[in-house]
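Student: Dropping the structure in here first, questions after.
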Amino acid sequence: MSLSRDAAINTARVLTEALPYIQRFTGKTIVVKFGGNAMEGEELKRSFARDIVMMKLVGMNPVVVHGGGPQIGQLLEALKIQSEFIDGMRVTDSQTMDVVEMVLGASVNKEIVSMITRAGGKAVGITGKDGELIMARKLKISRKSPELNEPEIIDIGQVGEVTHINVGVIDMLINSDFIPVIAPIGVDEEGRSYNINADLVAGKIAEYLQAEKLMLLTNVSGLQDKSGKVLTGLSTAEVDRLIADGTIYGGMLPKITCALDAVKSGVHTAHIIDGRVNHAVLLEIFTDEGVGTLITNR
C-alpha cells in the first residue's frame, strides 16, 4: 500500500525527529520492565514487541524484565489456592512459589520471547535462576505496633530481595545479538527460589549494567502532581521533595523509589511511562514529547 504525499511527509518528519535520539543511544543498554496493563491487550503486546525489535535494529541493547501478577493470580484462583497480600506483596508459600515459577518462568516468559521473535527479533528467555543471574535473600518486613516495643517481623514466605546480579549472563546474550527476556525469580546460595518484584529486579539490573535508561511501564500517564498534571524532567532532589510532601504516595511510591534508587546508583535516566499507549517505549525514547515521567540525576 502506497502512502499519500502528506503521510509520507509526516513519516519523514518522524524519522528526522528520531535521528538524534538514535545517534545518541546507539550502543547503549536500556532496561525495560514490561507488565500490568501493557501485557493484557494483543495490540499493545504486538506494539511493545515491535518497539523492542526496532531498538535492537538501530543499535541499542534492550533488556526486558517482565512481571505477571495477574496471570499468577488467575492460575492460583483456578487451582483454588488462596492469595494473601501484605504491603502490596504476595505471600508466597512453597505451593504458591511453584505456581509463580510455572507462570513467570514458563508461560509468560515464553510468550514474550515468541512475540519478539514474530516481530523479527532474536530473544532468549531466562529466569534469575539461570546461571545464578539473580542472587537473592529472603525479604524481611517489619511493622511497628503500638503494643510492642520492637517492630514486628512479618514472614511473607519465599519473597526475596536482590543481593547480586551476574551481569556476565546478560552480557553474553547481548554480545551474541540476542535480546534477554528475564523473569524476576531469584535464587539463594542454598538453591531456594524467591519471588521478587519485577520493578525492583529491573532497577537492580539497570544499576549493575550501568544502563543508559530504566523504563518502567505502568497503567497511568506518569507521575502526577496533586492537580493531576503529569510531571517530567524531574531531578532526584525534586522527586525526594515530592515524596516528602505527600504528592507521591500509595502504589506509585515503590515504583518511584525503584526509579530513584537506580538513577542515584548511576543509571542515567529513569522513565515511568504509560504502558496503555501503543508504541509507548519508542515514543518515550525517540520523540521530544515522550509519554511519561523522566527522572534524571542532575
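The values are calculated or read from the model by the stated rules, or taken from the named source; none is laboratory data. Predicted model only: the values in this text are computed from it and were never measured. Every residue, glycine among them, receives a Cβ derived from its backbone with ideal geometry; neighbour counts consider all protein chains shown. Just so you know, the surface numbers come from the protein's heavy atoms only, side chains and all, with ligands and any DNA or RNA stripped out. Shrake-Rupley method; radii C 1.70, N 1.55, O 1.52, S 1.80 Å.
Student: Dipole of the chain (Lys/Arg Cβ +1, Asp/Glu Cβ -1, origin at the Cα centre): which of 236, 23, 60 lies farthest to the positive side?
Tutor: Checking the options against the dipole of the chain, the answer is 23.
Student: Another question, then. Computed FRET efficiency, Cβ-Cβ of residue 118 and residue 15, R0 25 Å: what is it to the nearest 0.05?
Tutor: Values: r = 24 Å, r/R0 = 0.96.
Plugging the Cβ-Cβ distance into 1/(1 + (r/R0)^6) gives 0.55.
Student: Grab the stretch 18-114 and count how many Lys pairs have their alpha-carbon atoms under 22 Å apart, sequence gap of 8 or more, or different chains. Don't skip to the answer; put the middle values down first.
Tutor: Numbers: 28/56; 33/45; 33/56; 33/110; 45/56; 45/110; 56/110.
Going through the stretch 18-114 pair by pair, I get 7.
Student: Any idea how far apart residue 288 and residue 8 come out in nm if each label point goes 7 Å out from Cα toward Cβ?
Tutor: 2.5
Student: Now a separate question. Using Cα springs under 10 Å in a Gaussian network model of the chain, which residue among 123, 280, 244 shows the largest mean-square fluctuation?
Tutor: Maximum among the listed residues: 244.
Student: Compute, for the chain, the length of the dipole vector about the Cα centre, with Cβ point charges of +1 (Lys, Arg) and -1 (Asp, Glu) only. Units Debye, rounded to 20. Working shown, then result.
Tutor: On the way: 30 positive and 37 negative charges, 162 e Å.
It works out to roughly 780 debye.
Student: Where is the GNM fluctuation largest for the chain (alpha-carbon springs, 10 angstrom cutoff): 275, 228, 27?
Tutor: Per the Cα network of the chain with a 10 Å cutoff, 228 tops the list.
Student: While we're looking at this one, here's another question. Quick one: if the Förster radius is 25 Å, what FRET efficiency do residue 83 and residue 106 give, using the C-beta to C-beta distance and rounding to 0.05? If you can, show how the numbers build up before the last one.
Tutor: Working: r = 19 Å, r/R0 = 0.77.
The value I calculate is 0.80.
Student: For residue 122, which aspartates and glutamates qualify as cross-link partners when the Cα separation must be under 14 Å and same-chain residues fewer than eight apart are set aside?
Tutor: 51, 111, 177
Student: Still on this model: Pop a pseudo-label 7 angstrom from the Cα along the beta-carbon direction at both residue 237 and residue 74 and give the gap in nm to one decimal.
Tutor: Result: 4.7 nm between the two label points.
Student: Still on this structure: Return one whole number: the accessible area per residue of the chain in Å², for a 1.4 Å probe. Present the calculation step by step, with values, prior to reporting the outcome.
Tutor: Details: 14550 Å² over 298 residues.
On a per-residue basis, the chain sits at 49 Å².
Student: Still on this structure, please answer the following. With the crude spin-label approximation of a point 7 Å out along Cα→Cβ, what separation in nm comes out for residue 229 versus residue 138?
Tutor: It is 4.9 nm.
Student: In degrees from 0 to 90, rounded to the nearest 10, what is the angle of the helix 42-57 Cα long axis to the longest principal axis of the chain?
Tutor: Rounded to the nearest ten degrees, it is 70.
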